[in-house]
1. Measure out, as a whole number of angstrom, how far apart the alpha-carbon centroids of segment 2-24 and segment 56-76 sit.
2. What three numbers, in Å, describe the spread of the alpha carbons of segment 101-228 along their principal axes, ordered from the longest?
3. So what's the convex hull volume per residue for the Cα atoms of segment 154-228, in Å³?
4. Compute for the chain: radius of gyration divided by Kirkwood radius, i.e. Rg/Rh, restricted to C-alpha atoms, rounded to two decimals.
5. So with the 1.4 Å probe, I'd like the accessible area per residue for segment 88-163, rounded to whole Å².
6. Taking a ≥ b ≥ c as the square roots of the eigenvalues of the Cα gyration tensor of segment 23-155, is the shape rounded (a/c under 1.5), prolate (a/b larger than b/c) or oblate?
7. Long-range amide H contacts for R12: which residues qualify at under 5 Å (H placed 1.01 Å from N, peptide plane, sequence gap of 5 or more or a different chain)?
8. Starting from the residue with the highest accessible area, list R118, R11 in decreasing order, probe 1.4 Å.
Amino acid sequence: GKTVVRLDGVRREYGETTALDGVTLEIRAGEAVAVMGPSGCGKSTLLNMIAGLDRPTAGTVLVHGEDVGRLSEKGLALYRRRRIGMIFQFFNLVDDLSALDNVALAAQLTGTPARPARRRAMELFEELGIADRANAHPAVLSGGERQRVAVARALMNRPALLLADEPTGALDSRAGEQVMDLLLDLNQIGQTLVLVTHDEHLARRCAGRLVTLADGRVTGQHTLEPSA
Ligand code: ADP
Ligand code: ADP
């Protein structure tokens, strides 16, 4: 596949702290890449750079040839909504909205009218096996259901990249396995995926490549064999 993400010499300093210390990395279309490393090594900072939630102090972040670090605030907001889908450990759903409206909102924010947005959201709910939960509010959903709603939201705008930060970290093992199956299925139909995790089982299950970070540097890259 062609290159989707290219980081070149990316540094990020927060005052005295160097969170990323010259990261060079390439991710190709259709890959699933897991990023692992000890707490504080820069994993979330790396993901935030790719997501356009944060900018490098030095170096470049290119996504689809777009220099993310040089986008205006408005450009970044558009980039995040159109190119990136994100899922988080704690789901980040809006409690006051139904599951369906949480998902439809992602398309409405990019200018899609409510009815087609809800129609596409419902299609995703059917594909992800949560159609019967569409009208429920997040508070009454199980953790696994909430994460599937979050995945549906992340997929609404057909993102070039799906980014996941500890997506099973708040789930029991059965729900965690379901979310892993879902990520694996998505990657098998071509979704490019970057996954930050402490969980080696999750990395081996879902990713084809492992990037290890320590102290803000890439310390290793390994191909992962598919595991059952
Ligand atoms: P990880 O995700 O691997 O735990 P992070 O990317 O969150 O690591 O953090 C890397 C380093 O940068 C840590 O030392 C952390 O304390 C620091 N850091 C991250 N974000 C900020 C911030 N917004 N302000 C100050 N320091 C930060
Ligand atoms: P604002 O423009 O007010 O910053 P956003 O629309 O960017 O708000 O984000 C609203 C909520 O949706 C936040 O909780 C954020 O974490 C989440 N979010 C933002 N972008 C994405 C995305 N691409 N995929 C999934 N969730 C997202």
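The values are calculated or read from the model by the stated rules, or taken from the named source; none is laboratory data. On a predicted model such as this, the values are computed, not experimentally measured, just so you know. The accessibility values were calculated without ligands, DNA or RNA, using every heavy atom of the protein model including side chains. Shrake-Rupley method; radii C 1.70, N 1.55, O 1.52, S 1.80 Å.
1. 12
2. Rounded to whole Å, the extents work out to 47, 31, 27 Å.
3. Per-residue hull volume (Cα only) is 106 Å³.
4. Numbers: Rg = 17.1 Å, Rh = 17.8 Å.
Radius of gyration over Kirkwood radius for the chain works out to 0.96.
5. 47
6. Verdict is prolate for segment 23-155.
7. Here A19, L20, D21, G22, T57 satisfy the definition.
8. Putting R118, R11 in descending order of accessible area: R118, R11.
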